[in-house]
Every structure is written in structure tokens, then in C-alpha cells.
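Trainee: Pasting a structure below so you can have a look.
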Amino acid sequence: MLKVGLTGGIASGKSVVGEMFVALGAHLVQADRIAHQLMLPGESVYYEVVAHFGREILNYDGSVNRAKLAEAAFGSATPAASRIQELNRIVHPAVIRSQDEWMEEMERQDPRAIAIVEAALILEAGAAKHFDRLIVVTCSDEQRIARFAARQKLSLEDARKEVVRRMAAQLPEAEKIKAADYVIDNSASIEHTQEQVQQIWEKLRAETSAKR
């Protein structure tokens, strides 16, 4: 089996690219969904997050309000005010364990599978060594801001501030590209992105065939 990490900056189009790989036959799990499950009431991560960030991040039903948690973690626009590393120290180890367990299960089910983990912070979390190949999705800054504005229903000005704030907590895109085995430029048409995905898929399939 081939273990593939799929990463990129905020609003680069990781999920769209992930869906394209799934359509070609890949298995995929999203780290964000794993984190969401781990923060459900009753989970150990939930209790630790609440202990560190306070009950102010909770909804009336006791569930974590992700927007409030993000505000508490990222703080103001100044990096010094950010508590994102504190949040990451709680969440990342549990998410990485779950990702590894999922990949092990995929290998048991299909030893020739291509298992993809979509995660924004693979490199930042020190998880790159868990994968055979790393794919980085990129796009222009203006596209990133426009996509984030549309997704979050924000003005372009507010989206720009939020994107800058969140990108400050991530490795520079140039560093991610250096670490990548494959880079997908998601700046042009969806067809151009699809072509790149197809080319990479063929290379990944060739690797799995060579392993047999």
C-alpha cells in the first residue's frame, strides 16, 4: 500500500483535489474530520481542550463551537497573541494516531490501496515521516482569499485579514513545496487541476504495482 499525505495552505483547494483522487480510486480521510470527532463530548481531547481554553468555547449543548475555539486559539492578528501551538499540542498527537490506525486498516483491507490523508498541517505537526509520498496543493494569494471569503461568507477585506492570520501559524508555502514529492497548482481551471491529479495518480499507481 502507498501512504500519501495531501497538504497545502488554507483555501488552496485540498478537498477538491482529494475528491478527484477518490474518483480515481483512492481511499481518503480528512484530518479535520478526525479532529472534529476527537472533540466530541466524552472524548479525552474534548476535555483537555475545554480545560485549556475554557467553557467559553462551548455551545449551549456542551459541544465545541469551532469558530469560538479558532478565535481563542488564533487570538488577534499579532503572532504573540496566538495560542494555536497550545491547541496543536493537544490535538495533533491524537489526530496522528487516528490517521495511522486508519492507514493500517486500509492496508489490511487492500494491500495495494493508495491511502490519502488530507491535512493542512502535516509538516507543521512533524507527521511527514508517516507517509511514503507528499502532495502539496498551491494557489495564488488572491485566489486563496477569494475562496476563503466565499466559503466563510466574509468580505474580501475580512477574509484577507483572517487568511494572513492563519497562514502565519503555518510553514511558508515555499517550504512546503520543497518538502513535496508532487505539487499541484490549483490556480488555473478545474480541468488543469484534474490533469495534474491524473498524471500524479498514474505515477502513484505505478509505484503500487512495483511493490507487488
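The values are calculated or read from the model by the stated rules, or taken from the named source; none is laboratory data. Note that the structure is a prediction, hence the values are computed from the model and not measured. Every residue, glycine as well, gets a Cβ built from its backbone with ideal geometry; the counts of neighbours run over all protein chains shown.
Trainee: How do the pairs read when you match residues in region 14-37 that are closer than 24 Å to ILE90 by Cα with residues anywhere that are among the hydroxyl-bearing types (Ser, Thr, Tyr), using Cβ under 6 Å and keeping only pairs 6 or more apart or on different chains?
Mentor: Once the first residue is closer than 24 Å to ILE90 by Cα and sits in region 14-37, its partners that are among the hydroxyl-bearing types (Ser, Thr, Tyr) give ILE34/SER98.
Trainee: OK, next. Is one or more of the residues making up region 57-79 surrounded by 19 or more Cβ atoms within 10 Å (Cβ to Cβ), modelled with pLDDT of 95 or more and either part of a helix (DSSP H, G or I) or hydroxyl-bearing (Ser, Thr, Tyr) (or both)?
Mentor: Checked against the condition, which is being surrounded by 19 or more Cβ atoms within 10 Å (Cβ to Cβ), modelled with pLDDT of 95 or more and either part of a helix (DSSP H, G or I) or hydroxyl-bearing (Ser, Thr, Tyr) (or both), region 57-79 yields at least one hit.
Trainee: Okay, next question. Would you be able to tell me the number of residues in region 134-161 that are of a type in the set (D, E, K, R) and surrounded by 20 or more Cβ atoms within 10 Å (Cβ to Cβ)? Can you show your working first?
Mentor: Narrowing region 134-161 to residues of a type in the set (D, E, K, R): 141-142, 144, 147, 151, 153, 157-158, 160-161.
With the extra rule that they be surrounded by 20 or more Cβ atoms within 10 Å (Cβ to Cβ), the set shrinks to 144.
Final tally of qualifying residues: 1.
Trainee: Give me the pairs: first residue in region 174-185 and charged (D, E, K, R), second residue surrounded by 15 or more Cβ atoms within 10 Å (Cβ to Cβ) and in a helix (DSSP H, G or I), beta-carbon distance under 8 Å, and six or more apart or on different chains, which are they?
Mentor: ASP185/THR193; ASP185/GLN196
Trainee: Any idea which of (1) out of contact with any helix residue (DSSP H, G or I) (no Cβ under 8 Å at 6 or more places or on another chain); (2) touching a residue at least 40 places away in the same chain (Cβ under 8 Å); (3) of a type in the set (S, T, N, Q) is the one ASN88 doesn't satisfy?
Mentor: Result: ASN88 fails condition (2) only.
Trainee: Please go through region 23-53 and pick out each residue that is under 25 Å from MET103 (Cβ atoms), of a type in the set (Phe, Trp, Tyr) and surrounded by fewer than 16 Cβ atoms within 10 Å (Cβ to Cβ).
Mentor: Answer for region 23-53, where residues must be under 25 Å from MET103 (Cβ atoms), of a type in the set (Phe, Trp, Tyr) and surrounded by fewer than 16 Cβ atoms within 10 Å (Cβ to Cβ): there is none.
Trainee: Regarding region 191-201, can at least one residue be identified that is touching a strand residue (DSSP E or B) at 6+ places or on another chain (Cβ under 7 Å), surrounded by 15 or more Cβ atoms within 10 Å (Cβ to Cβ), without any contact (Cβ under 8 Å) to a residue 40 or more places away in the chain and not small (Gly, Ala, Ser)?
Mentor: Yes: one or more hits.
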